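The values are calculated or read from the model by the stated rules, or taken from the named source; none is laboratory data. Just so you know, these numbers come straight off a predicted model, no measurement behind them. Methodologically, a virtual Cβ is constructed for each residue, glycine included, from the backbone with ideal geometry; neighbour enumeration extends over all protein chains shown. Calculation scope for accessible area: heavy atoms of the full protein, side chains included, ligands and nucleic acids excluded. Shrake-Rupley method; radii C 1.70, N 1.55, O 1.52, S 1.80 Å.
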Amino acid sequence: MAGRLLLRGMLAGIAAAALAFLFARVFGEPQVNLAIAFESAMDAASGEPPEPELVSRGVQASLGLLTAAVMYGAAYGGLFALVFSLAYGRIGRFSPRMLSMLLAGAGFLAVVLVPDLKYPANPPAVGQPETIGLRTTAYFEMVVFSLCALTLAVLSGRALATRLGNWGATLCGGAVFVVLVALLQWALPDISEVPDNFPAALLWRFREAALGMQIVLWGSLGLVFGMMADRLLGRGIPRYG
C-alpha cells in the first residue's frame, strides 16, 4: 500500500508542479526579466562586461523551469505520500482527502511560509556572490528547524489532548509552534542585501509570485493526492471530513 501511495504522490506532485509552472510563467517570469534588465543596466553603468549566457533565457524560462518544477514536484510528492502513509489513521480519524489537505497546509507552513518570513525569495540583482553559502545554509537551517518545531507542536498537542480536549490541545500546540519559530527567527542571522536603488515594487511583485507559486504547488498537491488516496483507500475506517 505504501508503494501505491508513493506512486500516486509522485504523480500528484508532477501534476501540481505543472500548474505551478504555468503560474510562474504568467506571474513570475515577467518579474525575473525586469530584474535581469535592471542588473544588466547596473553592470553597464559600472563598466562591467556582461556575463556569458551559458543557457539562453528562452530555455531557462520554458524547458529549464518546467524540468526543475517537475523534479521538485515529484520529489515533494513522494515525500508527501510517505508522510501521509505514516499519519493516516494515527493522528486522527480523518478521511484521506481531509488528511491530505491538512498535511499540505502543514507542509506549506513549515517548509515555505515560516522560512520565507525570515529569508524571502529574491530576484536577480539581489544578493552578493560571496554570501551565497551563508544564505543557503541559513535558509535550509530555517526549513529544518521549522519542521522540528512543527513536529514538537504536534506531539505536544497530542500529549495534552486527554487533559485539555482537542480544542485546548490544538491551541497549546499552536502556541508552542509560534514560540519556537519566534526563537528561531531571532537566533538565525539577518541577511539584507537589496540594493538601495532596486525598485521596491519589482521586489514585492517577485516575492508575491514566488509565494503564489508555492501556494499553487502545495494546494494542488494536497487536493490531487487526496482524491487519489481516497479512491485507493476507500472507506476502511470511520473518520471525519
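Summary table below
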read-out: Carbon + sulfur, % of accessible area of segment 103-162 - ligands and nucleic acids excluded, 1.4 Å; value: 71 percent
read-out: Protection-proxy order for peptides 190-198, 10-18, 156-164, each taking the mean of Cβ atoms within 10 Å per residue, highest first; value: 10-18, 156-164, 190-198
read-out: GNM top mover of A169, A153, A81 - the chain, alpha-carbon springs below 10 Å; value: A169
read-out: Selection from A20, S100, L211 lying farthest towards where the dipole of the chain points positive, charges on Cβ; value: S100
read-out: Average accessible surface area per residue within the chain, 1.4 Å rolling probe, Å²; value: 58 Å²
read-out: Net dipole in debye of the chain [+1 Lys, Arg Cβ; -1 Asp, Glu Cβ; about Cα centre; nearest 20]; value: 1880 debye
read-out: Per-bin percent of Cα-Cα distances, the chain [5 Å]; value: 1, 6, 11, 14, 16, 16, 13, 9, 6, 4, 2, 1, 0, 0
read-out: Kyte-Doolittle mean at least 0.5 and Cα axial length at least 30 Å: DSSP H helices in the chain; value: 2-23, 65-87, 132-187, 200-233
read-out: Expected 222 nm ellipticity per residue - DSSP helices of 4 or more, -39500 (n - 2.57), all of the chain, to 500; value: -25000 deg cm²/dmol
read-out: For segment 156-241, size of Cβ-based charge dipole, Lys and Arg +1, Asp and Glu -1, in debye; value: 660 debye
read-out: Cα convex hull volume per residue for segment 99-236 (Å³); value: 135 Å³
read-out: Centre separation in Å (Cα based) which lies between segment 139-162 and segment 198-232; value: 22 Å
